[in-house]
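Quick notes on the structure that follows.
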Amino acid sequence: MPPKVRSWLMFCHKWVGYYAGLILFVLFFTGSLATFNLELQQWIQPQTALKAHLTKQGLQQAEKIFYSELEKNKFSFLRLPSRRDPVIRIWHFDGHIFHGPALNPNTGKIIPQSDNIGGVFFVILHDNLHLPALWGSLIIFIVSIGLFITLITGTWLHIKKFISDLCLFRPSAQKIRRWLDFHLIVGCISLPALIIISFSGIFLQYYKISAYFEASPPITTTPIQAIHDSSLNELLKKGEKEWGNSEGSFFLLTPQSINFIRGDDTNFCANRPHISANGLSSPIRLKCPTLRHFFLGMHDLHWADSSLRIIYGILGFIGSALIGSGLILFYNKNYNQKYNKNRKPFLFISPLIYRALNNGTLIGLPLASLALLWSARLDAPSFANHDQWEIFVFSSIWISSYLIALIFKNGFYILNSFLALSGLGLFFIDIITRGFISPHLAVFIMIDMAAFIIGLIGLYPLLKLCFFRKNLVKKSQKL
C-alpha cells in the first residue's frame, strides 16, 4: 500500500472514528438495552410480572378503561399481553415517553404501580438521542456514515493481516499493545454484524429524515361515541382466526374506526395488517413490501425469539467494546503522557477534554443507566413525578460524570468506584423492593447478573490500583 494512501486511511480511521465513536458508543450501548426493553420494563415494574392469561372478562374491563382514556387522549392505544410483557397496557405517547396504566389480563383491573419511564427510555435514546426528531435523526445518520467509513478504513488497513489479527493477543505486552490487540480481535470477529447494523441504520435514518420533509395529511379522529358499540372481544376473535397469534397486538383509534393491528413481534416485516370494526381489513404480506420494512426487520429484531435477541444484544455490547477500546487507544496514542511525550492539542482542544470525554462516555453512561434503575425502584421525592425524577437522575449523573472526569485528576477511579457500588448493589435493591421469589424470576436474575458484571468491571481498576500500591510499598521496604 502506498504510504500516502495508508496515512490518509489512518487519519480518517482515527479522527472520524473518534468523534463519531463518542456517539456510537451511546447508540451501541443503548441499542443493546433496547433489545431487552420489555424485560427492563418488567424489572422496573415488578408488579407486572404476572402469570395470568387474557380472559374475556379481563378484556371487557380493559375496554371500559381504554375508552375512558381515549376521552382524555385520543391517541391512546391498548396493547395485549405477550410472553415478554404479560399485562394489558393502555399507553399514550406524550412526544417523549409512553405513559399509561398496566392492567391484569385476567381481571382487567389496574395494577398499582409508579408511572415509570421504563425500558422504552433506552429505545428512544437509541432512536433519536432524546432530541427533536429531525435533529436526532440527522446526528445518528451522520455518525452511522462515520461508523461505515471507520469500518471500511480499518479493514483496508489490516486486510493483509486479517487472520493473524484475529488470532493475536499478547496479555504480557505493553498496555497500549494489549488494547490494540483487543481492538483488532473484537473488530475482526464482529465486522460482518457491524457492517449490517451500520448499513441498515443509515437507511432507516434516511427514511426518517425524508418522511420529515414530506407533507402529512391533517390528523382527524373519530368521535369516541361512534365506536362504543364496537366490541374488542369480537375484533380479537377475528384477529386470532386470521393471524393465529395475537400476542402484543393492539387496538388503535383511526379516522375511520377502531382498528385491531397485529403486533410487530409476530413477523419479520412490520407491515402491520389490521382488522377494522367497520369490516375493512388488510391482508398479511409474506414478503416485505418495501426496502424500509426489510431494513427495519433486520435492525430492530422485534420478531426474533429470546435466544436470537440475546445474541443480538451481546453483539451490541461487543460493538460497545470495539468503540470503547478505539476511544481508549486514541487517547493513549495521542494524549497520554506515559505513551506520548509530544501531546499536541487538535483543533485547540486540551488533552484534559479528551480524557473527560472518554471517561464520561465509557463510564458515565453505564453509571447513569444503573442510577436510572435504582431511581425506578426507590421512591421519588414528593415534589417530582416518578418519570421526571428518573430522567433527572439519569441526566444529572451522566453530566456529573463528565465534570468529575474533567475536574479531578483521579476522576477515572472515582467514577469506577461509583460504577462498582451501583452495579454490585443493584441485586440488593432488587431483593429489598421486590421479594426473593416472584413470577418470571429469570428476567430479574438476568438483569441483576448483567449489573453485577458491570460492577465487577468497575471494581477491577480499583483492585489493580490497590495491588500496584502494595507492590510499591514492598519494593520501597526492600530498598
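Quick look at the values:
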| item | result |
| --- | --- |
| Computed over segment 1-66, the ratio Rg/Rh where both radii use C-alpha atoms and Rh is Kirkwood | 1.46 |
| Residue-level accessible surface for Trp179, protein heavy atoms, 1.4 Å, Å² | 80 |
| By accessible area with a 1.4 Å probe, ligands and nucleic acids excluded, highest first: order of Phe436, Phe203 | Phe436, Phe203 |
| Long-range HN-HN contacts of Ala102 with modeled amide H, under 5 Å | Ile111 |
| Reachable aspartates and glutamates from Lys56, criterion Cα separation under 14 angstrom, eight or more residues apart if same chain | Glu234, Glu240 |
| Viscosity 0.692 mPa s, temperature 37 °C, Stokes-Einstein D of segment 12-130 from Kirkwood C-alpha radius, µm²/s | 208 |
| Extension gain, Leu403 back to Glu242 (0.36 nm per residue minus Cα-Cα distance, nm) | 52.3 nm |
| Projected-area mean, segment 278-430, by convex hull of Cα positions, square nanometres | 16.3 |
| Listed residues Glu240, Glu214 arranged by accessible area, highest first, probe 1.4 Å | Glu214, Glu240 |
| For segment 68-165: rounded, prolate or oblate by the Cα gyration tensor [a/c cutoff 1.5] | prolate |
| Extension gain from Trp15 to Thr433, taking 0.36 nm per residue of separation minus the Cα-Cα distance | 145.9 nm |
| Extension gain (nm, one decimal) between Ile142 and Phe383, 0.36 nm per residue minus Cα-Cα | 82.8 nm |
| Lys, Arg +1 and Asp, Glu -1 on Cβ, resulting dipole of segment 330-467 about Cα centre, debye, nearest 20 | 1040 |
| Hydrodynamic radius of segment 245-336 per Kirkwood, over alpha carbon pairs, in Å | 16.2 |
| Size of charge dipole - the chain - debye, nearest 20, with Cβ of Lys, Arg +1 and Asp, Glu -1, no other charges | 2800 |
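The values are calculated or read from the model by the stated rules, or taken from the named source; none is laboratory data. Computed from a predicted model, the values in this text were never measured in an experiment. Neighbour counts are summed over all protein chains in view; Cβ atoms, including those assigned to glycine, are modelled from backbone coordinates with ideal geometry. Just the protein is used for accessible areas: all its heavy atoms, side chains included, with ligands, DNA and RNA removed. Shrake-Rupley method; radii C 1.70, N 1.55, O 1.52, S 1.80 Å.
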